[in-house]
Amino acid sequence: MFRWLSHSVHRQRAACICALLVLFVGLSWPAVRTEAVAQGDGMMVYDEGTVQTPRYRTLSGTTWSAESSLPTAAATNTYNITRAAPTRNELITGVVNASGTLTIYRWNGTTWSNEWTIATGLGNVPRFDIAYEQSSGKAMVLYSRNVATTNELAYRIWDGTSWTTATNLDAVRTSGIVQYVRLASRAGTDELAAAWGDANFDLSANYFDGANAVWKGEPTAALETALTITSANAAISSRVFDLAFEQTSGDLLIVWGKNVTATPSYVTRTAGVGGAWGTATSGGASFKTAGQDMQLASEPGTNYIAYANVSAYNGATGNYAEAAMWTGTAWANFDNYDTIISAMGISLARTSVAWLKNGTQSQAVVTYDDSASAGVDWIAFNKNTDAWSAIRIDYTGAPAPSSTGPGGAMYLTTNPFNTSEATYVAVDATNSLYTKKISFDGALFTWTSTETGGVVPEASIASKVGWAASFVYNAYIPPPPTLSVDIVDAGGVTVASPSLVMSSIAASGSCQTTTGTLGVSAQKIHVSNTTATPAWTLSIAATAGTTGNWSSGGATYDFNDASGSPAGCADGGDADTIAGQLSADPSVSTITPQSGCTTTGLTKGTVGAFNQGVTDNITLVNASSSTGTNCYWDIIGTSLSQKVPELQPAGTYSLPMTVTIVAN
C-alpha cells in the first residue's frame, strides 16, 4: 500500500469544531508480467539501390517483418546509423543521401518521422554519429558542417519532446573538414565521448557533460596527425579509429591507426566530467597489423575492451586480421589470426566484435572476411581461459554470403536483454543483405539463419556498403503494467501529503452538518491503467476500518453510525458510544480523461453513507469492460457531508481515509 499523509493548519474561532479528512491511497490489481517494449526485438534500417526511401524491417525473435519505408531522403541513400533510446520506446536514425544531406528520422514506437536535415557533405565514411545519454535519455547528433578552419562540427540534442537548435563546436586540435565522427555513451550517466578525424588525417576528441550541457575540452594536442590511409585515397575511407568506455571504471579508451605503421596507437581519459586525458601512446610491438578498419566492444561489468581490426598493412604486403584485449590497464591476448583476407577497400566495414555472456562464462566473438569460402568467418576469445580460439568453421547456413565473403559490411550486436545472443547483419560482395543470429549456452556457440523464407532481406544494397545497413535492439524497459491510484496536483505531480478540510462549525447543543469536497484541482484523484484489464472499481473507506472515528485529542465522534433523526445524530447499536455519519455523493464529480482517451464505460457512484457492517466503503467510480486501457483519468468534485452530534467539544478533528482501486 502506498500512503500519502498530511496535516493542515487552520485559523479557528472559539468553540470551533474543524474537521480534517486525511487521505491515503491504496491499490490492488492482479499479478502482471514485467516486459520490455518488444524485449529482445529490434529494427534494421537499410538502403535499396537507387530508391530514395530508406527501408526497414522489425525483428521479433528470429522473424523479420515485411519491408516498410521511412519518409524519403530526397536522393539515393548511402549511409545510415541507428541508435535506441534507453528511457522510452524510440529510435533515431541518420541517413546520408547521395547529395551529402543528412536526414534525421525518429521512430516513436509506431511510426517514423522526418525530424530535420543538414548538409554534411558526402565522404567515404559517415560524417555524423548519434548517441543517447543513458540516464536522461537525451540524444545527441554530432555532425560535420563540411567547413574547415573553425566551427567544423555542430550538434543538436533531442530531449524526448523537442530538438535544440544547432550549436557549433569548434575543433581546436584539427582544422580540416571533418570526415569521420564517432560518439560513445558512458553507461549509467549523461556523459558522452566524441572523436573525429579530418581531411588532414588529424584526430582529436572531446568529452560532453550532459547534466550541464557543456564540453569539457580536447587533449592538449591532436592525438594523431597521420591517420591510416586506405588505397592511397586522399580522404578518410575506413573505420580508422574507435572509442569505448570501460564499464566498471568509466575510463575512456580511444584507438587509431597511424599510417604505414604496423601498430595502432591509443589514449585513455580518466572517468567523469573532471577526468584527464592521458598521453597518446603506441600499442607496442606485440601488435602485428596497422589499425585500418577497427571496432571496439566493452565487456559488460568489467574493464575489458575487445579490439578487432583488419588491415592491408603489417609492414609487408597482403591483408591481415588481428584481435587483442584491453584489460583496463594494458594490452594483452594478441592474435594475428588470419593473413589471407579480402583486400581492404573504400567505404567498407570488414570486421565486427561483440561480447556474449551466459552465467559466469564470457566470450568475445569476432567476425571478419577471409575471402576463402562462402559463409560467416569468425573466432572467439574465452575470457575464462584468457585465450583466443582457433579460426572457427565458417557458418554457411542458407542463404550464405558469397564465396568472397561478406566483404562490404558486417555488424554484430548483443541483445541487451539476453546477453547470450547477438544478431549479425552483413552485406556481401554481391551487395546482398544477410541476417544471422549467434547464441551461446555457456559452452557452445550456435549460429542460425534468420532470413525469412531463406531469402535475403535485400539483394540491391547501394555501392557504399559499409554503412548501408544498421541494426539495433530495443533498449527501453518500461514500467510494468499497473492499475494505480494517486493524489496529484494540477501539474500531475504526486501530492506528498494529501488532505481535505471540511467546513468549520461552532460548538452547539444541536446536531450539525459539516461539508467538504473530495478532489480539487490542487489534489485530484488520479487513476491510471496500463494493464490489459479494463474493468476496475475505485472506492473510499476509513483507514482504520469500521472502528475508526474522528478524533481531536481525547474527543471523538463517529463516521458510520446511521442512528437518529436525521441519521447520524444519535448513537446506535454499534460497539462505541459516539454518534456521527459521513456521506459521499460521487454522482456530482467530474472525470477528465487523458488526451486521446474517453470516459466510455465509466460510471460514477451514487450517493451513499457509511453504516457500520452495512456500508463500510463507498464506490466513487466503476469501470466496465468497455473502458479504455493505457489511459489515466482525473477525478474531482465528490461531495462529502458529515453529521456532527450535539455537544461535541471544540477542536480540530481528523479521520484518515484510504482511496483504493481494485481490478475486476
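The values are calculated or read from the model by the stated rules, or taken from the named source; none is laboratory data. As the structure is a prediction and not an experimental result, all values here were calculated from the model. Here the Cβ is made from the backbone with ideal geometry for all residues, glycine too, and neighbour counts use every protein chain on show.
Listed here are the residues, each with its yes/no results for (1) surrounded by fewer than 18 Cβ atoms within 10 Å (Cβ to Cβ); (2) farther than 20 Å from Ser641 by Cα; (3) hydrophobic (A, V, I, L, M, F, W, C).
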residue	(1), (2), (3)
Val501	yes, no, yes
Thr515	yes, no, no
Gly519	no, no, no
Gln523	no, no, no
Val527	no, yes, yes
Ile540	no, no, yes
Ala544	yes, no, yes
Thr556	no, no, no
Ser565	yes, no, no
| query | When you look at Ser420, is it under 16 Å from Ile341 (Cβ atoms), surrounded by fewer than 20 Cβ atoms within 10 Å (Cβ to Cβ) and of a type outside the set (Lys, Arg), yes or no? | reply | no
| task | Test Ala490 against the stated conditions and say whether it is in contact with a Pro (Cβ under 7 Å, 6 or more places away or on another chain) and either surrounded by fewer than 16 Cβ atoms within 10 Å (Cβ to Cβ) or closer than 21 Å to Tyr632 by Cβ (or both). | result | no
| query | Do we have any residue at all in the range 597-620 that's without any contact (Cβ under 8 Å) to a residue 60 or more places away in the chain and in contact with a Cys (Cβ under 9 Å, 6 or more places away or on another chain)? | reply | yes
| field | Selection status of Ile591, without any contact (Cβ under 8 Å) to a residue 60 or more places away in the chain, among the aliphatic types (A, V, I, L, M) and crowded, with 16+ Cβ neighbours inside 10 Å | value | yes
| Are any residues in the range 56-74 surrounded by 14 or more Cβ atoms within 10 Å (Cβ to Cβ) and on the phi > 0 side of the Ramachandran plot, and if so, which ones? | Ala74
| note | Cβ pairs under 7 Å, 6+ apart or interchain, first in the range 40-51 and surrounded by fewer than 21 Cβ atoms within 10 Å (Cβ to Cβ) and at pLDDT below 95, second part of a loop (DSSP other than H, G, I, E, B) and hydrophobic (A, V, I, L, M, F, W, C), ordered by first then second residue, are Gly40/Phe417; Gly49/Ala462
| query | Looking at the range 505-611, what strands (runs of 3 or more DSSP E) fall wholly within it and have at least 3 residues that are out of contact with any helix residue (DSSP H, G or I) (no Cβ under 7 Å at 6 or more places or on another chain)? | reply | 512-518, 524-529, 536-542, 550-552, 555-557, 581-585, 590-593
| With (1) over 20 Å from Trp378 (Cα atoms); (2) buried (at least 22 other Cβ atoms within 10 Å of the Cβ); (3) of a type outside the set (S, T, N, Q) as the list, and Gly274 as the residue in question, which single condition is left unmet? | (2)
| field | Residues satisfying the stated conditions in the range 452-500, i.e. β-branched (Val, Ile, Thr) and in contact with a strand residue (DSSP E or B) (Cβ under 6 Å, 6 or more places away or on another chain) | value | Thr452, Val456, Ile461, Val465, Val472, Val485, Ile487, Val488, Thr494, Val495
| query | Restricting the range 227-267 to residues that are of a type in the set (S, T, N, Q) and under 27 Å from the mean Cα position of the chain (by Cα), which is farthest from Val353 (Cα to Cα)? | reply | Ser249
| How many residues are assigned to a strand (DSSP E or B) and either among the small types (Gly, Ala, Ser) or more than 29 Å from Ala85 (Cβ to Cβ) (or both) if we restrict to the range 433-481? | 7
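Look through Ala222, Ala194 and report the one residue that is outside any loop (DSSP other than H, G, I, E, B) and either aliphatic (A, V, I, L, M) or modelled with pLDDT under 95 (or both).
When all the criteria are applied, what remains is Ala194.
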